[in-house]
Amino acid sequence: PGRQTSILWIGRTMNMPLKESKEQTTRDKNIILIGGGDIEPIFHDLGEQNIFKGKRTGYVIVATETMPALNTSVRTSERKLRQVAMNYGAKKFIYIDSSNLNTLFAQNVVIIAGGDTDHLIKQFKVHEFSKKIRISSSVETIVGISAGAIALASSGISRIKNDGELVSGFGLIPVIVVPHSTAETRNKYPDFLHLQEKQMVHFKCEFNDI
């Protein structure tokens with residue numbers, strides 16, 4: 001009650017291998033892009049889809065680090081969000097910021113919070129996110145919210161950037177995404193993937209490594 005999440009399933013998408021090889025390991029991963037919104041209802045929606053059940057879960061708050069008010073709000077919610085995840089059966093729940101970013105590759109579920117897209121992309125590049133997330137044998141589900149969705153896509157429109165400026169992501173999903181979509185943005189960018197608040201789009205992906 002009170003949560004009106006829209007869920008869309010997209011077919012399988014094949015990502016190119018990192019290196020050419022006759023022998024490759026294929027890793028299936030679920031990727032969920034979310035347009036934004038209050039995080040606690042989003043956690044409940046994910047929980048009702050059994051995303052947390054039996055899984056080590058990391059909530060990546062790197063994008064909030066340059067936004068003091070948002071960062072404070074997110075950090076004060078840690079106990080509440082942990083309780084939500086554990087109530088839905090999470091095996092473990094941790095917060096992940098720039099100081100322990102490499103721990104995300106050992107989680108089963110990675111949820112990437114919104115905020116400053118540029119800062120998020122910069123920190124992910126430092127930690128070789130694009131390569132490591134593809135070859136991680138632990139990570140099964142990756143959830144990108146707002147700025148997190150842009151990071152997982154080829155690129156996206158960030159509402160804190162100059163109007164219409166595309167921010168490049170890591171291309172795990174080959175789309176241009178518009179989080180926090182409105183009727184105005186849908187009319188302005190009709191060919192992009194639009195995500196309204198709390199709207200989810202699911203992808204099943206295959207990543208190859210050697």
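The values are calculated or read from the model by the stated rules, or taken from the named source; none is laboratory data. Predicted, not measured: the structure shown is a model, and the values here were computed from it. FYI the Cβ positions are ideal-geometry reconstructions off the backbone, even for glycines, and counts take in every protein chain you see. Side chains are part of the model used for accessible areas, which takes the heavy atoms of the whole protein and leaves out ligands, DNA and RNA. Shrake-Rupley method; radii C 1.70, N 1.55, O 1.52, S 1.80 Å.
Descriptive notes on the structure:
- In terms of its Cα atoms, the chain spans 49, 40, 32 Å along the principal axes, sorted from long to short.
- Computed [θ] at 222 nm, helices only, for the chain once each DSSP H run of length n ≥ 4 contributes -39500 (n - 2.57): -7500 deg cm²/dmol
- For segment 61-115, convex hull of alpha carbons as volume per residue, Å³: 76
- Summary value for the chain: 36 percent relative contact order, contacts being C-alpha pairs under 8 angstrom separated by 6+ residues.
- Excluding same-chain neighbours fewer than eight residues apart, the aspartates and glutamates reachable from residue 29 by a Cα-Cα span under 15 Å are 140, 206, 209.
- Under the Debye formula (equal points on every Cα, no solvent term), log10 I(q)/I(0) of segment 87-191 at q = 0.17, 0.23, 0.25 Å⁻¹: -0.79, -1.26, -1.43
- Dipole of segment 49-93, positive direction: furthest Cα of 88, 76, 64, with charges on the beta-carbon: 88
- Volume per residue for segment 28-105 equals 104 cubic angstrom (convex hull of Cα atoms).
- Carbon and sulfur %, accessible surface of the chain computed with the full protein complex present, 1.4 Å: 49
- Normalised by the number of residues in segment 136-210, the average gap of Cα pairs under 8 Å and 6 or more apart makes the relative contact order 23 percent.
- Probing with 1.4 Å while keeping every protein chain in the model, the per residue accessible area of the chain equals 49 Å².
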